[in-house]
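Report on the following structure.
The values are calculated or read from the model by the stated rules, or taken from the named source; none is laboratory data. These figures come from a predicted structure and were not determined experimentally. Glycine gets a Cβ as well: all are built from the backbone with ideal geometry, and neighbour counts include every protein chain shown. The protein model used for the area step is the full one, side chains on, heavy atoms only, and it has no ligands, DNA or RNA in it. Shrake-Rupley method; radii C 1.70, N 1.55, O 1.52, S 1.80 Å.
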Amino acid sequence: MSVWIFSDAFLITLFSFITVAISLNLEAGFTGIPNFGKHVFVFVGAFAAQGIGVRIAAWIYEKVEPQAAQQALEHLRSMVPGATWKSLVGAAADVDANRIVVNNYLRPFFVSHVGLEALLVVLLLVVTVALALFFGLIASYAALRLKEDYLAILLLSFAELMVMVLFYQSQSLNGGNQGLWAITFTSDPVKFALIGSGALAFISYLYAERLANSPMGRAMRAVRDDDVAASVFGRDIAVIRLKVILVSSVLAGLAGFFFIQNAALSTSMTFNRVIWTFLPWAMIILGGMANNLGAVVGAIVFLIGKRLFEYYQIPISNALHLGSSIVSALLPNIFIGIFIIVILYALPQGILPEKPSKTVKFEEILESEQGEEA
Amino acid sequence: MDYILEAHDLVKKFGELRALDGVTIRVPRGMVTLLIGPNGSGKTTFINTVSGVYKPDAGRVIFDGEDITDLPPHERFRKGLVRSFQVPRLFTGLTVLENTAFARYGNPGEGVISGILKKIWLGFETQTVRKAVRLISFTKLRHLWDKRPGELSGGQMKLLEVSRVMMPDQPKLVLMDEPTSGVFPSLAHEIFRYIRRLREEYGMTFLIVEHRLDIAVEYADYAYAMAYGKVVAEGKPREVLENPKVIESYLGG
């Protein structure tokens, strides 16, 4: 049982959660933006590799190999009677043909065309960033106008509307309730996901740490503590919130993009509120709000704990005589809920408390500035 | 006379209560002006309305010749209008030094990209921290520089509020809402001497809401007295203090 902790799948999940926790911490911990719709911002990265990614990939394939694409289309038509798509682009995002298009045509094609594959990766990363910025703008439109509690509810509703209704019910966007195979990269997509998500987590941490120890980190914490006082001292709080939401959305979107490289086939419900919003919240509460290392520690502790719990779920369920009831199935969620309450009660500051923004060496300046009254 | 701030017929209602009932106050440039009056006379409401925290129901606010009635607080600050709060609104997660340093506006490092490029902001930030250290030395908070406001006494919080309001670069007008309440008298005198010095050396203008008239009166050039949301007297500070209407408002209040 010690093996799964270091399995690729677990590490990819861990790295993705570290990035999302850091990103949420920038918003919630540092700036006081209660983003309860985090899951949709992670989902946009998956959408970039699924609904959008397969279409772009198929389009490139059609342009480069028109004859092969035509043959593929005819082959697909013979396999899916009554199909209405007129091109491979349509077929790529259709739930009936998506798996064959992606696995039999697109992946082999891109694996053998390294240059085009690199181009596609860059293109889809750009798409991820653009989508994240777009969704971030929508969220900040509300964030600039609402008080905290209302904002939390609004962001949650917005994310649910996207993930559960729009993208889950409409098959044309992202395969709806059947989901789509994402376009994955290299002959070893798991390794690609591992390296990508690991590098992203590392860069996110470095970025967040530098930001936290800059004048911006101080300004974010000031806006969180008292937005009226911050604006009386000349800060446009709307602009500060907007910047933080945008940059956090981009980080979350990129995390989703690399995560889906491993998950491959999934629906928008993979990015549900419990896993990609409440869990990151629990992580930053446990690790320490407004502490980047805390977010990382929180993610590690929480995911290992959750895995252990899931591993022993059946024995625990049996010991509690739950049988196969719904309570038994929901045990992990119940565990998350109880855990959050316990941390808030026992460790309100989290494992690692907030630190001042170390912009310059304060001690040296204190040493050299004696001040007129000292 | 040359006025930095002109508030014309300001009205601010809270339900049935007219907290400001047609207040006209002009603050002469380069002077220290006092705003006095008993509790509930509308002094803090006036400061809040002038600084943009409240929107007036009627009346105009002219600052340095420009109508700022509809501007949000941060734009008023950028035009040179700085204020402090009667009940200190400190940033609870920030240290004493950070609270003070934040009050200087214009740091080029306050962006999600420029923030990580230390070269861009290091010079400005070093200057800022130096100035903040000098100010908290002056307000006797230097030894508490890394403490958070929650660890300070009430008087120390007031002093931190004073340090913050002294931090911005060359403000045109500083509104101070009871800067010395809860501060021991010798330090209160020192704060007023400092205000006086800023006025004399840099030509800074102050409008100060004050309860401790015994201390404040000797440092001020001009005074307004308010009662029940109206201005009841104005003039030289001592004359205003001796004005029967003002005495009556304090006693009758």
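The table for this structure:
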quantity: Probe 1.4 Å - accessible area at B:His74, Å² to nearest ten; calculated: 20 Å²
quantity: Value of Rg to Rh for the stretch B:12-86 (Rh from inverse mean 1/r over Cα pairs, i.e. Kirkwood); calculated: 0.94
quantity: Gaussian network model of chain A, springs between alpha carbon atoms under 10 Å - residue of A:Pro356, A:Pro315, A:Pro215 with greatest fluctuation; calculated: A:Pro315
quantity: Nearest-ten-degree value, helix B:185-202 long axis tilted from longest Cα axis of chain B; calculated: 80 degrees
quantity: Interchain or long-range residues, amide H under 5 Å from B:Leu5's placed H; calculated: B:Val27, B:Asp64
quantity: Whole-angstrom gap from the stretch B:18-97 to the stretch A:120-164, using each part's C-alpha centre; calculated: 36 Å
quantity: The stretch B:103-253 - convex hull of alpha carbons, volume per residue in Å³; calculated: 152 Å³
quantity: Within-13-Å neighbourhood charge of A:Leu154 [Cβ basis; K, R +1; D, E -1]; calculated: -1
quantity: Equivalent ellipsoid semi-axes - Cα gyration tensor, the stretch A:1-119, angstrom; calculated: 36, 18, 14
quantity: Estimated FRET transfer efficiency (B:Ser153, A:Gln349; beta-carbon r; R0 30 Å; 0.05); calculated: 0.85
quantity: Extension gain from A:Met269 to A:Thr84, taking 0.36 nm per residue of separation minus the Cα-Cα distance; calculated: 63.9 nm
quantity: Within the protein assembly as shown, percent of DSSP bridges classed antiparallel, to nearest 5; calculated: 60 percent
quantity: Which of B:Glu218, A:Glu160, B:Glu98 is most accessible, then next, and so on - probe 1.4 Å; calculated: B:Glu218, A:Glu160, B:Glu98
quantity: Among A:Thr31, A:Thr186, A:Thr128, residue whose mean-square fluctuation peaks in a GNM of chain A (springs only between Cα atoms under 10 Å); calculated: A:Thr186
quantity: Most mobile listed residue (B:Val82, B:Val129, B:Val112) in chain B, GNM with C-alpha springs under 10 Å; calculated: B:Val112
quantity: Per-selection metrics, the stretch B:36-155 (Cα): Rg and Dmax in Å; calculated: 17.3, 51
quantity: Kirkwood hydrodynamic radius (C-alpha pairs) into Stokes-Einstein, the stretch A:4-346, 4 °C and 1.567 mPa s, D in µm²/s; calculated: 61 µm²/s
quantity: Helix-derived mean residue ellipticity, 222 nm - over the protein assembly as shown, DSSP H n ≥ 4, -39500 (n - 2.57), to 500; calculated: -17000 deg cm²/dmol
quantity: Acute angle (nearest 10 degrees) that the helix A:148-160 long axis makes with the longest principal axis of chain A, alpha-carbon atoms; calculated: 10 degrees
quantity: For the protein assembly as shown: span of alpha carbons on each principal axis (Å, largest first); calculated: 101, 51, 50
quantity: Summed residue charge, Cβ within 15 Å of A:Leu331's Cβ, Lys/Arg positive, Asp/Glu negative; calculated: +1
quantity: Peptide B:132-144, shielding by other chains (average Cβ, 10 Å cutoff); calculated: 4
quantity: Semi-axes of the equivalent ellipsoid for the stretch B:173-250, Cα gyration tensor, largest first, Å; calculated: 22, 14, 11
quantity: Pairwise centroid distance, computed over Cα atoms, of the stretch A:327-353 with the stretch B:121-192, Å; calculated: 41 Å
quantity: Using alpha carbons only: equivalent-ellipsoid semi-axes of chain B, gyration tensor based, whole Å; calculated: 31, 21, 17
quantity: Pairs of Lys in the stretch A:4-346 closer than 27 Å at Cα, counting only those 8 or more apart or on different chains; calculated: 7
quantity: Rg in Å to one decimal, and Dmax rounded to a whole Å, for the stretch A:166-206 via C-alpha atoms; calculated: 14.6, 39
quantity: Summed side-chain charge close to A:Met283 - residues other than A:Met283 whose Cβ falls under 15 Å, Lys, Arg +1, Asp, Glu -1; calculated: +3
quantity: Difference of contour (0.36 nm per residue) and Cα-Cα distance, B:Thr24 to B:Asp70; calculated: 14.8 nm
quantity: Hydrodynamic radius of the stretch A:259-308 per Kirkwood, over alpha carbon pairs, in Å; calculated: 11.7 Å
quantity: Tilt relative to chain A, helix A:292-311 - C-alpha long axis, 0 to 90 degrees, to 10; calculated: 50 degrees
quantity: Largest to smallest accessible area among A:Asp149, A:Asp188 [probe 1.4 Å]; calculated: A:Asp149, A:Asp188
